[in-house]
1. Please give the strands (runs of 3 or more DSSP E) falling wholly within the range 34-97 in which 1 or more residues are among the acidic types (Asp, Glu) and open to solvent by less than 10 Å² (accessible area, probe 1.4 Å).
2. Which of the numbered conditions does Phe288 fail, given that it passes all the others? Conditions: (1) of a type in the set (Phe, Trp, Tyr); (2) surrounded by 14 or more Cβ atoms within 10 Å (Cβ to Cβ); (3) farther than 30 Å from Ala223 by Cα.
3. Looking at the range 168-226, which of its residues are farther than 21 Å from His115 by Cα, touching a helix residue (DSSP H, G or I) at 6+ places or on another chain (Cβ under 9 Å) and among the hydrophobic types (A, V, I, L, M, F, W, C)?
4. Just a yes or no: is a residue in the range 271-289 more than 14 Å from the chain's Cα centre (by Cα) and over 25 Å from Ile345 (Cα atoms)?
5. Going through the range 214-236 one residue at a time, which ones are touching a Phe, Trp or Tyr at 6+ places or on another chain (Cβ under 8 Å) and open to solvent by 20 Å² or more (accessible area, probe 1.4 Å)?
6. Please go through the range 254-267 and pick out each residue that is under 19 Å from Thr303 (Cβ atoms) and under 16 Å from the mean Cα position of the chain (by Cα).
7. Go through the range 133-167 and report how many residues are of a type outside the set (Asp, Glu) and within 27 Å of Thr85 (Cβ to Cβ).
8. Being closer than 19 Å to Met267 by Cβ and either modelled with pLDDT of 95 or more or aliphatic (A, V, I, L, M) (or both) is true for just one of Thr156, Thr184. Which residue is that?
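The values are calculated or read from the model by the stated rules, or taken from the named source; none is laboratory data. Every value quoted in this text rests on a predicted model; they were computed, and no experiment measured them. In this analysis, Cβ positions are derived from the backbone assuming ideal geometry, glycine residues included, and neighbour counts consider all displayed protein chains. Only protein heavy atoms, including side chains, enter the accessible area calculation; ligands, DNA and RNA are left aside. Shrake-Rupley method; radii C 1.70, N 1.55, O 1.52, S 1.80 Å.
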Amino acid sequence: MPLCNQGALRALFFGLTLFSASSAPAGIPRDAIGAIAVSPDGATVVATGNPRTFYVLDAATLTVKDRVWHGYSPLRLSWSKDGKTLAMLHTDDVVTFFDAETLKETTSTEKFAAHCFASEAGKLVIASQGSKKDDRYPITLSVHSLATGEKLSSTTLSYTVAVSALACSPDASQIVLASAQYDTKAEEKKDAPKDMAPEAKAEFRKRNDAKAMWIGWFDGELAKGPEYESWFSNSAPPLFFVLDGKASWFANGSDNAEFSPDGTIAMKALANSGSFYGEMVSTDHATFLSGTLGKGYIVDTATLTETKFDFTDRLKGWPEYLYGFAIAPDGTIFGGTSAYRMLRIAPDGKVLEMKPIH
């Protein structure tokens with residue numbers, strides 16, 4: 001069954017909604033401090049961006065203590081719970097592992113089509129996809145250790161539709177696979193009535209666009225659980241994660257959904273935080289962060305309550321966007337911008353410091 005400039009590039013990426021996962025572009029380089037991690041003791045921050053360099057910072061002062069070139073175009077950075085390893089997602093659609101003390105590369109995963117980090121459990125889940133054969137895609141679902149990069153388990157699948165996205169629960173006991181969007185005969189294409197309330201139109205359009213995607217649930221041992229065709233569909237979102245047995249899909253202000261194992265789907269709307277130039281979900285998935293032009297938001301996952309924070313000043317010239325995030329053990333948030341400035345933000349959203357590091 002089926003299963004130019006940085007702002008302009010980002011807009012182009014979000015506009016490519018008709019691409020399947022097999023033809024969608026690889027991760028777009030972030031000309032910014034777009035990947036950040038905090039050590040488990042909260043004392044050190046490692047940040048990186050398109051200069052392909054690790055910036056090692058004192059967490060309390062944002063003072064740069066060292067710069068180490070690594071050679072990749074990074075998208076995300078995760079520090080293992082034992083403090084020994086940094087895992088970097090980069091634009092090769094690969095996660096590469098580094099010794100956190102020496103910042104020397106140790107190993108890498110294979111290339112994948114989709115992934116999710118379960119940092120609280122110290123795990124990375126990837127879906128590697130082969131070329132379509134006999135109208136099916138061979139897919140390998142694998143779990144890796146974030147401490148060593150070692151493959152812990154894997155299972156082989158095959159779907160008639162390409163993989164688009166993966167979501168994990170914080171403890172990696174629940175994994176959700178979403179296929180690419182496909183045409184379905186289960187729906188008849190209809191336009192929303194002109195007199196329909198605006199808040200109802202988003203769901204009507206999704207239920208009547210003759211498009212669908214396949215949702216499959218797996219447990220922590222990669223055993224297959226419930227699966228179903230979803231009337232909600234779209235291209236892979238910036239944020240897709242599992243909390244309290246439900247998978248949250250956040251793409252923008254309105255094309256968001258919550259999936260349950262029993263097939264229940266509810267659409268969700270964000271008031272202001274849906275730009276997603278930068279994004280991150282906390283390790284417990286209770287909150288997520290969104291960055292955009294000159295500001296960011298802390299969002300409560302359960303209530304979607306938004307706490308806004310602004311840059312302390314505005315630079316002259318080209319606009320400055322917020323791209324990278326990390327959260328320290330004490331709740332302090334670190335952000336990175338397209339001007340290669342770092343922010344240190346209190347858990348309540350107060351910006352404590354902002355300074356350049358390049």
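1. Values: elements: 44-49, 53-58, 64-69, 74-79, 85-90.
Result: empty, no element qualifies.
2. That leaves (3) as the condition not met.
3. Ala192, Met196
4. No, there is no match, as no residue in the range 271-289 is more than 14 Å from the chain's Cα centre (by Cα) and over 25 Å from Ile345 (Cα atoms).
5. Lys224, Gly225, Pro226, Glu227, Tyr228, Glu229, Ser235
6. Listed by number, the residues that qualify are Asn256, Ala257, Glu258.
7. So the first thing to find is which residues in the range 133-167 are of a type outside the set (Asp, Glu), and the list is 133, 136-149, 151-167.
Retained after the next criterion (residues that are within 27 Å of Thr85 (Cβ to Cβ)): 139-149, 151-155, 163, 165-167.
Matching residues across the range 133-167 total 20.
8. Details: Thr156 fails: closer than 19 Å to Met267 by Cβ.
Every option except Thr184 fails the conditions.
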